[in-house]
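A quick write-up on the structure given underneath.
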Amino acid sequence: MIDLIICTYNRPEKVLELVQDILTCQPAPRKIIIVDSSDEENIKIQDLENIIYVRSSHKNQPYQRFLGYQRAEADYLLYLDDDMEIQHKDFFGKMEELLKNNDYSGIALNFRDKHKNTTLSEVPKSSLFKASKALRNFKNWFTGYPELSAGKLGLCGNRGKQGKEFDETEYVSGGAFIGRRADLFQNFNFQMFDLFEERMGMGEDALIGFGLHKRGKLMFHPEISFLHNDQRDSTYSVDLESLSKRVLYSRLYLSLERQRLKNSSLVQAKIHFQWYAFCRITGYFINFCLKPNSSRKKNLRGAFHGWVATNKFTFAKKLERNPFWLNEIEKNLSKD
């Protein structure tokens, strides 16, 4: 009933350890699909039972997710990052029972970081608005990044924290989530693959989840099912300037695509993004003036260059990029 899809890049031992652990679950998933964009083929993983090994020609996580979706056959698909660690050996049995008795488009799974020293640990904290919660709330509202209700997805990729109960949500977190195959990647804009190919994309999990939410009940499961054992080797962590540029640039696409999926105004998304970008860059500038250092300078430079780059961005509202990427998928699958 559940196929497992793991997307990996240059972590041969980590993904092997994860798969071996999952194969000891009772029951284990019927099929495990490894979508690998590593520089070298993972020979060891190909020799394990129940494994479908797929080589991806693009080092592009949302592309890999779709490639795995194309190879899967079960009613529901579990997506895992390769640095996840499963916490309960009966996880698959519990999920199959839950999904069998309910009409859900997907399950947003809860996980926590295994340690505090993660990829994003070195991102500098703001020195502004520390005086009171009221000031922080005002800052969030004023800068176009307000505190949203639990499980809500807003403009610029803004997300309300997930609740503490099993309840409906509008997004998933990419490290671990389940989607109904019939509802995944429906009305999906493959322009997201372009952004990741250019190393300018983030937040594809929010849009995949929002798409599931638009097609049925997407639920948040509050039990901690996995630990995120961050390897501090993510493509996001190349350097702070690149990360800051990527964060700001990607927010425009997240806003536009959310509006497209809602059949709402793209003009509203564009205006909101410009205000958000202005406030973010201004905030970085003030923080740098208050406490100048290399990290804050990189944040400021990256955000500014990310905003400049968005002025050349053209949104593929009519899914103009889908035929190109479907052809790439077909070429990949024909080689298996």
With label points set 7 Å from each Cα along the Cα-to-Cβ direction at Ala182 and Glu198, the distance between them in nm comes to 3.7
Just the number, please: Stokes-Einstein D of the chain in µm²/s, Kirkwood Rh from C-alpha pairs, 4 °C, 1.567 mPa s.
62
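Please check the chain for the longest run free of GluC sites (Glu not before Pro) that are loop-located per DSSP (anything but H, G, I, E, B) and have at most 14 other Cβ atoms within 10 Å. Don't skip to the end; give the middle numbers.
On the way: sites that count: Glu40, Glu41, Glu49, Glu73, Glu122, Glu147, Glu165, Glu198, Glu320.
Within the chain, the longest run free of exposed GluC sites (Glu not before Pro) spans 199-319.
So for Trp307, Trp325, Trp141, what's the accessible-area order with a 1.4 Å probe, most first?
Working: Trp307 75, Trp325 5, Trp141 165 Å².
Descending order: Trp141, Trp307, Trp325.
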Please turn the phi angles of region 26-33 into ³J(HN,Hα) values with the Karplus equation 6.51 cos²θ - 1.76 cosθ + 1.60 (θ = phi - 60°), one per residue in order, whole Hz, x for glycine and proline.
10, x, 8, x, 4, 8, 10, 10
Treating the angle as unsigned and between 0 and 90°, give the value, to the nearest 10°, between the Cα long axis of helix 61-71 and the longest Cα principal axis of the chain.
30
Can you tell me which aspartates and glutamates have their Cα less than 13 Å from the Cα of Lys298? Leave out same-chain residues fewer than eight positions away.
Glu122, Asp239, Glu241
Rounded to the nearest 10, the angle in degrees between the Cα long axis of helix 204-215 and the longest principal axis of the Cα atoms of the chain comes to 70
Loop-resident sites, region 246-336, for trypsin sites (Lys or Arg not before Pro), counting at most 14 other Cβ within 10 Å (DSSP)
Lys312, Lys317, Lys318, Lys335
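For the pair Asn327 and Arg55, what calculated FRET efficiency results from E = 1/(1 + (r/R0)^6), where r is the Cβ-Cβ distance and R0 = 22 Å, to the nearest 0.05? Please report the intermediate quantities before stating the final value.
Details: r = 17 Å, r/R0 = 0.77.
Given R0 = 22 Å and the Cβ-Cβ separation, E is 0.85.
How much of the accessible area of region 270-336, in percent, comes from carbon and sulfur atoms when a 1.4 Å probe is used? Don't skip to the answer; put the middle values down first.
Numbers: 2660 of 4300 Å².
Carbon with sulfur: 62 percent of the solvent-accessible area.
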Starting from the Cα coordinates of region 237-305, work out the convex hull volume and express it per residue in Å³.
72
CD proxy, 222 nm, the chain: helix-only mean residue ellipticity via -39,500 (n - 2.57) per DSSP H run with n ≥ 4, per residue, nearest 500, stands at -13500 deg cm²/dmol
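For the chain, calculate the relative contact order in percent as a whole number, restricting contacts to Cα pairs under 8 Å that are 6 or more residues apart. Numbers along the way, then the final one.
Details: 603 pairs, mean separation 66.8, N = 336.
Reported as a whole number, the value is 20 percent.
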What is the sum of charges around Lys317, taking Lys and Arg as +1, Asp and Glu as -1, for the other residues whose C-beta is under 10 Å from the C-beta of Lys317?
0
In degrees, nearest 10, range 0 to 90: what is the angle between the Cα axis of helix 294-310 and the longest Cα principal axis of the chain?
80
Measuring from label point to label point, each 7 Å out along Cα→Cβ, what is the Ala150 to Thr24 span in nm?
3.4
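Using 0.36 nm times the number of residues separating Leu98 and Gln70, minus their current alpha carbon distance, what extension gain do you get?
Working: separation 28, 0.36 × 28 = 10.08 nm, distance 2.42 nm.
Difference between extended and current length: 7.7 nm.
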With label points built 7 Å along Cα→Cβ from the Cα atoms of Glu17 and Phe285, find their separation and express it in nm.
4.6
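Of Lys161/Lys312; Lys214/Lys317; Lys59/Lys161; Lys270/Lys312, which pairs sit farther than 24 Å apart, going by alpha carbon to alpha carbon? Walk me through the intermediate numbers first.
Values: Lys161/Lys312 32 Å; Lys214/Lys317 18 Å; Lys59/Lys161 30 Å; Lys270/Lys312 13 Å.
In this structure, Lys161/Lys312; Lys59/Lys161 lie more than 24 Å apart at Cα.
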For region 194-287, state the semi-axes of the equivalent ellipsoid (square roots of 5 times the eigenvalues of the alpha-carbon gyration tensor), sorted largest first and rounded to whole angstrom.
24, 23, 13
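The values are calculated or read from the model by the stated rules, or taken from the named source; none is laboratory data. What you are looking at is a predicted structure, and each value in this text was computed from that prediction instead of being measured. Heads up, the Cβs are rebuilt from the backbone with ideal geometry, glycines too, and the neighbour counts pull from every protein chain shown. Calculation scope for accessible area: heavy atoms of the full protein, side chains included, ligands and nucleic acids excluded. Shrake-Rupley method; radii C 1.70, N 1.55, O 1.52, S 1.80 Å.
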